[in-house]
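These notes are about the structure you will find just below.
The values are calculated or read from the model by the stated rules, or taken from the named source; none is laboratory data. Because the structure is a prediction, the values reported are computed rather than measured. As a convention, Cβ positions derive from the backbone with ideal geometry for all residues, glycine included, and neighbour counts pool all protein chains shown.
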Amino acid sequence: MNILIVYAHQEPQSFNGALKDLAVSLLRENGHAVQVSDLYAMKFKAVADQEDFRKLQNPEFFKLGAEQRHAQEHGLYARDIQQEHEKLRWADFVLFQFPLYWFSMPAILKGWVDRVMGVGFAYGGDMWFEKGGLKGKKAMLSLTTGGGPAILSERGRSGSIEVMLWPLQNGILRFCGFDVLPPFLAWGPAGATLETRQEYLEQFKERLLAIPTTEPLFFHPEEDYDSDHVLKPEVAAQTLIQQFNPVRKQS
């Protein structure tokens, strides 16, 4: 299997760094080919702008989505974006390794999404969700948190981690076509004991070795929705976010 690790942490000696290093060594030992996009080490540009393109379709009025589609069709992306596209085409599985920042991903990783997951490459038109541009590939989030599972539970003060990750797992990964494996979470490793951190590493080993056989998360398919993209009345909501936030049509 070809595996791409998109890694976003400034410090190589961090626990995120340890998780990334473990993934690289273990996966290679088990016969997988591995590439790493170490975003901070690469000094990856996090801002999507005119410099993302070698030539603009409309120099007078910049519209990101239109320029992404034009660049995709005419091979006009900047070299750093082209390189990430090549890695994604090559990969069968993508692992995202990062710390939870402000209930989301670090800015440099969000910038990678903004610049790399472009219109015409990852999504656009009818190319979304199960028809997304990266369909047939698998992805998984692996992240560290600042707090423990209690505060990040449904009744916890910070709210449910499942709801928190919905924009990333559904709004980015599934939207672009990935089959999304359940996330791996290391709860508050900065304040954890050495024994607890070692337990996280052992759990991560198990998750990595189980990648080929792990069942993806469930997302409702297109036929479960009506013309307004709302679940049909006869379809029971099976994802946590839809159970928490049912949409009611006004009569």
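Annotation: of all residues in the range 105-143 being hydrophobic (A, V, I, L, M, F, W, C) and in a strand (DSSP E or B), the one that is nearest to LYS20 (Cα to Cα) is LEU143. Scanning the range 29-63 for residues that are in a loop (DSSP other than H, G, I, E, B), over 23 Å from the mean Cα position of the chain (by Cα) and of a type in the set (D, E, K, R) yields ARG54, LYS55, GLU60, LYS63. Can you tell me which residues in the range 156-187 are outside any helix (DSSP H, G or I), of a type outside the set (S, T, N, Q) and surrounded by fewer than 17 Cβ atoms within 10 Å (Cβ to Cβ)? Result: GLY156, ARG157, GLY159, PRO182. If the condition is being small (Gly, Ala, Ser) and closer than 24 Å to HIS85 by Cα, then the range 1-24 contributes ALA8, GLY17, ALA23. Candidates GLN50, GLN10, GLN35: the one that is at pLDDT 95 or above, of a type outside the set (A, V, I, L, M) and touching a Lys or Arg at 6+ places or on another chain (Cβ under 9 Å) is GLN35. The criterion of being basic (Lys, Arg), modelled with pLDDT under 95 and closer than 26 Å to GLU154 by Cβ holds for ARG248.
Figure legend. Inter-residue proximity from the range 213-225: first residues assigned to a helix (DSSP H, G or I), second residues of a type in the set (A, V, I, L, M, F, W, C), beta-carbon distance below 6 Å, spacing 6+ or different chains. Indicated pairs: ASP224/LEU231; ASP224/VAL235.
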